[in-house]
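Trainee: Encoded as structure tokens, here's the structure I'll be asking about.
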Amino acid sequence: MTELVEHGQLFIGGEWADPVGNDTIRVVSPHTEQVIGSVPHACEADVDRAVEAARKAFDEGPWPRMPLDERIAVVTRIKDAIAVRHEEIARSISSQNGSPYSWSVLAQALGPVMVYDAAITVARAYPYEEHRQGALGPILVRREPVGVVAAVIPWNVPQFVAAAKLAPALLSGCTVILKPSPESPLDSYILADIAREAGVPEGVLSILPADREVSEYLVGHPGIDKVAFTGSVAAGRRVMEVAARNLTRVTLELGGKSAAVILPDADLDTAVAGIVPAAWMNNGQACVAQTRVLAPRSRYGEVAEALAAAAGALVVGDPLDPATQLGPLVARRQQQRSLDYIRIGQEDGAKVLAGGGRPAGLERGWYVEPTLFGDVDNSMRIAREEIFGPVVCLIPYGDEAEAVRVANDSEFGLSGSVWTADAGHGIDFARRVRTGTFNVNTFSLDMLGPFGGYKNSGLGREFGPEGLSEYLEHKMIHLPATYAPGAGEAGA
């Protein structure tokens with residue numbers, strides 16, 4: 001039985017503080033449907049306290065004015081502590097959102113370590129100042145921290161997304177208010193302990209678990225300079241609308257309906273081995289999941305047979321069991337959402353090739369079988385709407401031009417992949433698909449390059465120098481015509 005984890009305070013400005021209100025968030029196991037923890041529910045007054053602390057730390061404190069190497073040292077200690085405690089973090093997240101433990105170790109715990117490490121590499125090499133010859137004389141271009149950041153993260157990969165926002169924000173000299181999802185707040189307390197032990201200065205970081213209403217108050221707070229949000233398209237639109245009242249800068253990492261395209265010359269064993277974990281990763285609760293598989297009509301039968309067999313072989317069960325490959329969905333509402341889409345797909349004429357309901361023997365817990373639909377037309381709802389569950393569509397196509405058209409026929413543009421015997425041809429195919437990231441004969445996410453989406457998949461980028469730039473303002477300083485920079489003058 002999972003030990004009950006209870007917290008009575010909030011992490012505000014780097015210190016543990018009693019909440020203003022009395023509301024709590026009860027965390028429920030998606031496997032047992034039992035309460036496994038509770039934390040205070042931050043209220044608007046708590047947000048005010050956190051913003052005030054962050055504002056003071058940015059406007060008056062040492063953090064934005066520290067040499068870059070000193071900030072790197074603090075972030076490095078955060079990274080190293082996460083690595084030491086990675087099993088604890090993985091178990092905490094799996095118990096809250098149902099991620100299979102083996103996947104959590106790699107993606108939920110060690111993944112953030114890679115994010116921090118890559119961000120440190122980028123920060124060391126970033127050109128914070130550069131001299132240019134302007135049209136009217138010499139100029140100095142500076143990149144300076146944007147200010148107080150509201151980082152709103154989802155429940156599906158909480159520490160990974162937190163790292164994607166915290167690492168560049170902290171390294172650039174910003175102060176941060178991190179808002180975890182009410183479904184998965186427990187791991188954020190581990191992060192708070194780590195940040196405090198790492199020596200994050202007073203006021204620089206607050207962590208406030210709360211619901212959407214408090215999130216909206218945070219996003220619309222006049223003391224916030226930038227919002228970094230990951231979540232649904234509908235929520236992203238609302239964030240943008242609320243932030244616009246104060247002209248607050250926003251980056252949005254939103255949904256996806258990505259296509260994995262199998263070309264006629266692809267090795268099927270390789271393609272299926274790559275697509276299955278990319279399609280059903282994290283129980284299908286991943287924005288980059290390859291949930292549309294496009295197969296040539298000439299090979300449709302063998303693709304359908306191979307994918308259905310692979311889906312049916314996935315081990316479903318207790319997320320804390322190392323053998324589990326597919327755990328429960330995070331909440332009853334997400335389970336019902338997937339089951340509703342399975343019904344809709346059948347009503348629209350698609351054929352269930354694997355799964356299609358609740359797994360046998362798992363009557364308790366919010367489980368849905370890994371489900372594969374065949375005979376899917378790209379106009380069907382199951383092919384157009386983000387289900388965020390273990391439901392994958394197999395779509396036949398004729399020639400390559402049709403494959404490109406179908407891959408692009410989506411309101412989303414986050415990820416995708418192509419599988420082919422000719423990697424050079426795969427690169428050409430990738431150039432024609434309008435997504436922010438794409439894979440040729442692989443599926444990965446490189447933290448040294450830009451990650452983000454086209455169309456309704458978001459605004460801005462995370463990771464790489466492009467991601468760090470999102471936390472920096474650009475300033476131009478005009479210099480006298482006779483000015484010449486001294487040796488070693490430019491820097492952070």
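Trainee: Considering each of Q285, Q325, Q336, Q290 in turn, give the residue that is in contact with a Phe, Trp or Tyr (Cβ under 9 Å, 6 or more places away or on another chain), without any contact (Cβ under 8 Å) to a residue 40 or more places away in the chain and closer than 26 Å to S95 by Cα.
Mentor: It is Q336.
Trainee: OK, next. Being β-branched (V, I, T) and under 24 Å from Q96 (Cα atoms) is the filter here; which residues of segment 186-236 pass it?
Mentor: At the first step, the residues of segment 186-236 found to be β-branched (V, I, T) are 190, 194, 200, 204, 207, 214, 219, 224, 227, 230, 233.
Hits for segment 186-236 are I190, I194, I207, V214, T230, V233.
Trainee: If a residue has to be surrounded by 21 or more Cβ atoms within 10 Å (Cβ to Cβ) and more than 13 Å from the chain's Cα centre (by Cα) to count, how many in segment 444-455 make the cut?
Mentor: 0
Trainee: Moving on. One residue is enough: does segment 179-189 have a residue meeting the conditions assigned to a strand (DSSP E or B) and at negative phi?
Mentor: We begin by selecting, within segment 179-189, every residue assigned to a strand (DSSP E or B); these are 179.
If we keep only those that are at negative phi too, we end up with 179.
Checked segment 179-189: at least one residue is assigned to a strand (DSSP E or B) and at negative phi.
Trainee: Examine segment 91-110 for a residue that is in contact with a Phe, Trp or Tyr (Cβ under 8 Å, 6 or more places away or on another chain) and of a type in the set (D, E, K, R), and state whether such a residue exists. First the steps, then the outcome.
Mentor: If we filter segment 91-110 for residues that are in contact with a Phe, Trp or Tyr (Cβ under 8 Å, 6 or more places away or on another chain), which is where we start, we get 91, 94, 96-98, 107-108.
Checking the rest, the ones that are also of a type in the set (D, E, K, R) come to 91.
Yes - at least one qualifying residue is present in segment 91-110.
Trainee: Is there a residue being buried (at least 23 other Cβ atoms within 10 Å of the Cβ), polar (S, T, N, Q) and under 22 Å from P40 (Cα atoms) anywhere in segment 185-192?
Mentor: yes
Trainee: Return only the number of the condition from (1) out of contact with any Gly (no Cβ under 9 Å at 6 or more places or on another chain); (2) surrounded by fewer than 16 Cβ atoms within 10 Å (Cβ to Cβ) that D48 does not satisfy.
Mentor: Against the list (1) out of contact with any Gly (no Cβ under 9 Å at 6 or more places or on another chain); (2) surrounded by fewer than 16 Cβ atoms within 10 Å (Cβ to Cβ), D48 comes up short only on (1).
Trainee: Write out, first by first residue and then by second, each pair whose Cβ atoms fall under 9 Å of each other, whose residues are 6+ apart or on separate chains, and whose first residue, in segment 46-61, is assigned by TED's automatic domain parsing to the domain that holds V148 and in a helix (DSSP H, G or I) while the second is at pLDDT 95 or above and among the basic types (K, R).
Mentor: V47/K179
Trainee: Looking for whichever is in contact with a Cys (Cβ under 9 Å, 6 or more places away or on another chain) and under 20 Å from R461 (Cβ atoms) here; the options are S415, S410, S444. Which one fits?
Mentor: Details: S410 fails: in contact with a Cys (Cβ under 9 Å, 6 or more places away or on another chain); S444 fails: in contact with a Cys (Cβ under 9 Å, 6 or more places away or on another chain).
Residue meeting the stated conditions: S415.
Trainee: Being touching a Lys or Arg at 6+ places or on another chain (Cβ under 7 Å) and closer than 24 Å to V28 by Cβ, is that true of even one residue in segment 342-364? I'd like the intermediate steps shown before the answer.
Mentor: If we filter segment 342-364 for residues that are touching a Lys or Arg at 6+ places or on another chain (Cβ under 7 Å), which is where we start, we get 344, 348.
Narrowing the set further to residues that are closer than 24 Å to V28 by Cβ leaves none.
No - not one qualifying residue is present in segment 342-364.
Trainee: Can you tell me which residue within segment 339-360, out of those that are touching a Leu at 6+ places or on another chain (Cβ under 8 Å) and among the hydrophobic types (A, V, I, L, M, F, W, C), is surrounded by the fewest Cβ atoms within 10 Å (Cβ to Cβ)?
Mentor: The selected residue is V352.
Trainee: Quick check on this structure: which one of R26, R91, R71, R77 is within 26 Å of the chain's Cα centre (by Cα), loosely packed, with under 15 Cβ neighbours inside 10 Å and charged (D, E, K, R)? If you could, list the steps in order and put the result at the bottom.
Mentor: Details: R91 fails: loosely packed, with under 15 Cβ neighbours inside 10 Å; R71 fails: loosely packed, with under 15 Cβ neighbours inside 10 Å; R77 fails: loosely packed, with under 15 Cβ neighbours inside 10 Å.
Checking each option against the conditions leaves just R26.
Trainee: Kindly state which strands (runs of 3 or more DSSP E) lie completely within segment 70-170 and contain at least 2 residues that are modelled with pLDDT of 95 or more and among the aliphatic types (A, V, I, L, M). Give the steps one after another, and end with the answer.
Mentor: On the way: elements: 129-133, 138-145, 148-152.
It comes to 138-145, 148-152.
Trainee: Looking at this structure, is Y367 in a loop (DSSP other than H, G, I, E, B) and among the aromatic types (F, W, Y)? Steps first, answer last, please.
Mentor: Working: in a loop (DSSP other than H, G, I, E, B): yes; among the aromatic types (F, W, Y): yes.
For Y367, the condition - in a loop (DSSP other than H, G, I, E, B) and among the aromatic types (F, W, Y) - is met.
Trainee: Do we find a residue being more than 29 Å from A306 (Cβ to Cβ), surrounded by fewer than 23 Cβ atoms within 10 Å (Cβ to Cβ) and of a type in the set (F, W, Y) anywhere in segment 476-490? Reasoning before the result, please.
Mentor: The initial filter retains those residues of segment 476-490 that are more than 29 Å from A306 (Cβ to Cβ), namely 476-490.
In the following step, the residues that additionally are surrounded by fewer than 23 Cβ atoms within 10 Å (Cβ to Cβ) were identified as 476-490.
Subsequent filtering for residues that are of a type in the set (F, W, Y) retains 483.
Within segment 476-490, one or more residues are more than 29 Å from A306 (Cβ to Cβ), surrounded by fewer than 23 Cβ atoms within 10 Å (Cβ to Cβ) and of a type in the set (F, W, Y).
Trainee: Give segment 193-225 a look and list any residue that's of a type outside the set (A, V, I, L, M, F, W, C), more than 14 Å from D46 (Cβ to Cβ) and buried (at least 24 other Cβ atoms within 10 Å of the Cβ), or say none. Step through it out loud before you land on a result.
Mentor: We begin by selecting, within segment 193-225, every residue of a type outside the set (A, V, I, L, M, F, W, C); these are 193, 196-197, 199, 201-203, 206, 209, 211-213, 215-217, 220-223, 225.
Still in the running and more than 14 Å from D46 (Cβ to Cβ): 193, 196-197, 199, 201-203, 212, 216, 220, 222, 225.
Once the filter is applied, which keeps residues that are of a type outside the set (A, V, I, L, M, F, W, C), more than 14 Å from D46 (Cβ to Cβ) and buried (at least 24 other Cβ atoms within 10 Å of the Cβ), segment 193-225 yields only G203.
The values are calculated or read from the model by the stated rules, or taken from the named source; none is laboratory data. Quantities reported herein were computed from a predicted structural model and do not represent experimental measurements. Cβ: placed from backbone, ideal geometry, glycine included. Neighbour counts: every protein chain shown.
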